């Protein structure tokens, strides 16, 4: 029987506030009032009803699912919505749901410093163990960013499978609907079927799409017509109820789809690790250059595609190096919050369809990419001054 993997990524960044040149000297960098407001809404519209829906589906149909939950989201849930963590615990306790590891801060750490990348993975793994009592076996980098070097790093950390995008850039003529092996290491790879995933995540509520409206029976027939061993449907968890509001019919769509999967028995659902180990690896994938699931280009241009982003990246890289040498845990944690990829995503100057998506995620925090960039750079300047003052204090103490 062919396999289906439903993997959902849950994330909320710790957004920074508008921070002008005249705010330098004020160490209040984060817009936690807005962060709570957004989390309150997402918990109400997405996390609570969607998790309850999946629990019901598991009890009714014995289906399986996989999640990743960023460290920044887990911190906010612990602070403001611990009942959502309890729902995830109930899901994991069923034995039908797997949780994956990733860099704790949903960060661009790999691009900044490989040792920092490893440290953030370990921090996230530790958090998952503390909260849920689970040792993770599967890995996903921020926005499915992946290459051969990342494969070797995560294999050395003991992971057995990693996720990435099923783009033609790495597959060529091959299909994403098989298990693959990473180059030179025994790490399995599951690749997102981006067409079938984005039919839900990006096209479901688009009245101009030629397939609109997307019904569960239509989608199920598309799944049946898709060749391969295992079809990987990966998307943001916030798709259900937040990006696509309940009024779009997204909850009813998923409920009916899960009913069909159980009723017609054409597929068996697997967790990420189960799928990776139950199906034979079809080929080794050589991925020398970084790919991601973001934007049309499926590369790093969502975060490092323009001069604003590059300028911010260079400044952050310099400060991260200083913060790690300082060994001040408060400063290091603040710097790590600033490695979250969303800050760079908000600075993107892209336009057309990709630009609209960047704007959608940015606009509650900042009106324009320039506002985001200016605030971020001013915060880095203040942080640099704090680091320099602490370095001077250390020198004085050591005299």
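The values are calculated or read from the model by the stated rules, or taken from the named source; none is laboratory data. Not measured: the values here are computed from a predicted model. So basically every Cβ, Gly included, is an ideal-geometry build from the backbone, and we count neighbours across all protein chains shown.
A compact table of results
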quantity: Residue within segment 283-297 that is crowded, with 16+ Cβ neighbours inside 10 Å, within 19 Å of residue 105 (Cα to Cα), touching a residue at least 40 places away in the same chain (Cβ under 8 Å) and over 22 Å from the mean Cα position of the chain (by Cα) present; calculated: no
quantity: Residue count for segment 1-36, restricted to those that are assigned to a helix (DSSP H, G or I), surrounded by 14 or more Cβ atoms within 10 Å (Cβ to Cβ) and touching a helix residue (DSSP H, G or I) at 6+ places or on another chain (Cβ under 7 Å); calculated: 3
quantity: Residue in segment 54-72 that is in a helix (DSSP H, G or I), under 20 Å from residue 334 (Cβ atoms) and in the same structural domain as residue 241 (by TED's automatic domain parsing) present; calculated: yes
quantity: Residue match in segment 16-34 (condition: outside the structural domain of residue 389 (by TED's automatic domain parsing) and within 30 Å of residue 233 (Cβ to Cβ)); calculated: no
quantity: Sole residue being farther than 20 Å from residue 339 by Cβ, surrounded by 20 or more Cβ atoms within 10 Å (Cβ to Cβ) and either in contact with a strand residue (DSSP E or B) (Cβ under 9 Å, 6 or more places away or on another chain) or touching a residue at least 60 places away in the same chain (Cβ under 8 Å) (or both), chosen from 92, 139, 67, 117; calculated: 67
quantity: Scope segment 129-154; condition farther than 12 Å from residue 118 by Cα and part of a loop (DSSP other than H, G, I, E, B); matching residues; calculated: 133, 134, 135, 136, 137, 140, 145, 147
quantity: Filter result for residue 393 (without any contact (Cβ under 8 Å) to a residue 12 or more places away in the chain, closer than 18 Å to residue 25 by Cα and part of a helix (DSSP H, G or I)); calculated: yes
quantity: Residue count, segment 40-53 (criterion: touching a strand residue (DSSP E or B) at 6+ places or on another chain (Cβ under 8 Å) and either outside the structural domain of residue 252 (by TED's automatic domain parsing) or within 26 Å of residue 108 (Cβ to Cβ) (or both)); calculated: 2
